[in-house]
Structures are given as C-alpha cells and as structure tokens.
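Data first, discussion second: the structure below is written as structure tokens.
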Amino acid sequence: MRGPAIGVAVLTMASLTTGANALSAAAPAKIIIDTDPGTDDALAILLALNSPELDVKAITVVPGNVTARQGLQNALQVVSLAGRCDIPVAGGAQHPLTQKLVTAEFWHGRNGLANIELPPPQCAADPRFGPDLIIAAVHQYPHQITLVAIGPETNLALAVSKDPSLASLVKEVIVMGGSLSGGNVNAAAEANIYGDPEAAQIVFKAGWPLTMVGLDVCNRTLLTPAHLAQLAKTHGPENDFAVQVLQFIIDLARRYGYNGTALYDPLALGVAIDRSFVKTEDMRVDIETRGEFTRGETVANRSNTVERNVPHGDRLWIAGVDRVRPNVRVAREVESERFIEFFISRIAGR
Ligand code: RIB
Ligand code: CA
C-alpha cells in the first residue's frame, strides 16, 4: 500500500496493529523531508512513501553524502522507483554555509546509492529553490508541517534565516543528527552536524520545536544480516532495491567490525510516524563551531543549569546556579527491535 497522495489515511487492520501503535485514524501528518541521498536517506524516503501516517508534501535536497547535483538525481530516481512523481522534489543549497563540502561516497558508493544503477528518473525536478519551497509550504499549511532533516541542515538554516516566522509556524522539526555519546566522523562530531556546523547552530537556536534523533538512539537500531534475510524473502522494486542497498552497507560495515548497520535516517522518519519509538529528554543543546577537536559537536547541558561566576577580589567566584532554557527534545531511548521490524514491514513486498 502506498502512502496516500491525497491526504486521506487509508489504514488496514494490519497497519492499525503493526508496530506504530500510536496509529490513529487522524489525517496523515504533513512532512517535508530534507535529505542528502545517500543510502540510508533512500531507505528513509521509501519508509515515508510507504507509511499512510505521512503525507510527504515535498522532498528538498541538500549536499552532504553526495554533491547537490548527484543528490537531486538520486532523490528523483528513488521517488520514481516508488511511482510518486506527485511529490515535488527540489534542489537547494549547493554547498555548506561557510565551510567546504565534504562528501561521503566512501560510505555510500560512487553514486551515493550503493553503486546501484536505478533506471533514469521518470519524475522531473521542481524548479523552485528548496528553502523557498519549504517557506511556501509552511505558510500554506501553518502549524501543520513537520520538517524532517536527514542531512546537513543548510537548507533549513537558509529557510529560517530568510523567514524567521517559520520558527512559530512549523509544527515541529525532527533532525537526524548530533550525539551525546561521541561522533561518527571523529571523537566529537556526527556527520550531519559536521557537514555544516554553522547551519546546525542556526537550526538549534531558531526557537522552533526541535527533536534530535542522534547517534545515541540510531546506533542501537542495528539491522543485522538476519533482518536482511527476512526482508530478502519478499520482493518488489522498492523491496529489492532496499535489500541491495542494505547488503552494500552491511558488507562495508563488516570490514570495520560491525555485524549490521544503524538505520540512522529511517529512525528519524520513524519518529515522525510514531513518537513512541523513542523517549526524549528536554535539554539545552548548543553547536560547537570553533573547537580544534570538537567542531560540529552537539554540546548538551543535561542539567539545564550553569554556574554563575562573578568578580571577587583578584579572582572570580561562584555566585549561584542559573537555569538555562532547554531548546531540544533529545532522543535518549529507542525501542530498536520494534522499529527495525516496523521498517521491514513497511518495505516488504513494495
Ligand atoms: O550520521 C549519519 C548521517 O550522516 C545520516 O544522515 C547519513 O545519511 C549521513 O548523512
Ligand atoms: Ca542523510
């Protein structure tokens, strides 16, 4: 069953009883996916397009895993594979706000899609600039749009900088990014934040409702060869593509001692579908942009307090403890097996 293009929740008994136990007959949630496809991005997009709880209003592309040009081509090929040319797919930023682009073909394959050659896209790109498309959609559907960012946050930063009213008009922002437990690029930084720390700083400071789906939970959603074998039992164009992508990622992960792959971007979409997959904690989170070893780190204040230092003679001393206002709902716990089975159930047979 495809995610509805007409915004009507078409729920079967099966979908009512599957893992997304927060299912209701409510209208599908309107979302925009900002993505740098990317192997796990492609899996996340297919999850979204096969979930009746979501009404994907647009897909905007940002450079990260691959260049902006390659990412747009990949996004068009994935939505074409799913037969969803009704969804606007638009390019956006061509590079990070200030730093050089760092692409990750090393992890995602030369073409960013596990070196799989999908057919040329049937769907054409929307001519609008991604950040402008985001702005227009949020004004068209005030307080209804969830922005799901699964790449560097350049497009979101450009959009909210151009139109600060977005911060009070979006329903919420969900980012796959950051970490409280160390990076995957280096000791401190997770790839999407590392890809554009200045953009992440703007996004984390914008004041909109922000949920961070970071490595702390994503790393626990380890899809193993056994899970892959389960998905390989069913067939369909999207199912078979997902199996090929996952096989590529797992084979690569195995070379670095991992027996599976984290479902980074799919989990962010999973949270947009059913928040009960994760448990969050409200925290003050700032983005380090200057540290020699920590540029791109999401620095979380777990107690939401800061000691107040004041002059005292020839030194400073602590005059008190001030509270800082949390700005992020940080995902700390995840029902990983339930999410992995849910992900497989939505892709199987498509
Ligand atoms: O750290 C994981 C993130 O970086 C994912 O979004 C993956 O696609 C890469 O962009
Ligand atoms: Ca991504």
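Here is a yes/no grid of residues against (1) among the hydrophobic types (A, V, I, L, M, F, W, C); (2) over 20 Å from Asn239 (Cβ atoms); (3) assigned to a loop (DSSP other than H, G, I, E, B):
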residue: Pro37; (1), (2), (3): no, no, yes
residue: Leu46; (1), (2), (3): yes, no, no
residue: Ala58; (1), (2), (3): yes, yes, no
residue: Ala75; (1), (2), (3): yes, no, no
residue: Leu113; (1), (2), (3): yes, no, yes
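The single condition among (1) in contact with a Lys or Arg (Cβ under 9 Å, 6 or more places away or on another chain); (2) surrounded by fewer than 20 Cβ atoms within 10 Å (Cβ to Cβ); (3) more than 19 Å from Val245 (Cα to Cα) that Gly83 does not satisfy is (3).
Within segment 101-129, residues that are closer than 11 Å to Ser80 by Cβ reach partners that are assigned to a loop (DSSP other than H, G, I, E, B) and away from ligand 2 (no atom under 14 Å from the Cβ) with beta carbons closer than 7 Å, at six or more positions or on different chains, in the pairs Gln122/Cys85; Cys123/Cys85. Being among the aliphatic types (A, V, I, L, M) and either modelled with pLDDT under 95 or within 16 Å of ligand 1 (Cβ to nearest atom) (or both) is the filter here, so list the residues in segment 141-156 that pass it. Selection gives Leu147, Val148, Ala149, Ile150, Leu156.
Among residues of segment 322-350 that are more than 24 Å from Leu180 (Cβ to Cβ), those with a Cβ under 6 angstrom from a residue that is in a loop (DSSP other than H, G, I, E, B) and at pLDDT 95 or above, sequence gap 6+ or separate chain, pair up as Arg346/Asn50; Arg346/Ser51; Ala348/Thr234; Gly349/Thr234; Gly349/Gly236; Arg350/Asn50; Arg350/Gly236.
Could you list all residues from segment 187-207 that are open to solvent by 30 Å² or more (accessible area, probe 1.4 Å) and part of a helix (DSSP H, G or I)? Answer for segment 187-207, where residues must be open to solvent by 30 Å² or more (accessible area, probe 1.4 Å) and part of a helix (DSSP H, G or I): Ala191, Tyr194, Glu198, Gln201, Ile202, Lys205. From the list Thr103, Thr146, the lone residue that is closer than 17 Å to Gln73 by Cα and either open to solvent by 70 Å² or more (accessible area, probe 1.4 Å) or of a type outside the set (A, V, I, L, M, F, W, C) (or both) is Thr103. Among the residues of segment 231-274, how many are among the polar types (S, T, N, Q), within 14 Å of ligand 1 (Cβ to nearest atom) and surrounded by fewer than 20 Cβ atoms within 10 Å (Cβ to Cβ)? Within segment 231-274, residues that are among the polar types (S, T, N, Q), within 14 Å of ligand 1 (Cβ to nearest atom) and surrounded by fewer than 20 Cβ atoms within 10 Å (Cβ to Cβ) number 0.
Quick check: is even one residue across segment 210-225 in a helix (DSSP H, G or I), away from ligand 2 (no atom under 16 Å from the Cβ) and buried (at least 24 other Cβ atoms within 10 Å of the Cβ)? Can you show your working first?
So the first thing to find is which residues in segment 210-225 are in a helix (DSSP H, G or I), and the list is 215-218, 225.
Imposing the further condition that a residue be away from ligand 2 (no atom under 16 Å from the Cβ) reduces the set to 216, 225.
This time we only want the ones that are buried (at least 24 other Cβ atoms within 10 Å of the Cβ), so: none.
No, there is no match, as no residue in segment 210-225 is in a helix (DSSP H, G or I), away from ligand 2 (no atom under 16 Å from the Cβ) and buried (at least 24 other Cβ atoms within 10 Å of the Cβ).
The values are calculated or read from the model by the stated rules, or taken from the named source; none is laboratory data. Please read these numbers as outputs of a predicted model, since none were measured by experiment. Neighbour counts run over all protein chains shown; Cβ positions are idealised from the backbone, glycine included. These accessible areas exclude ligands, DNA and RNA; they are computed on the full protein's heavy atoms, side chains included. Shrake-Rupley method; radii C 1.70, N 1.55, O 1.52, S 1.80 Å.
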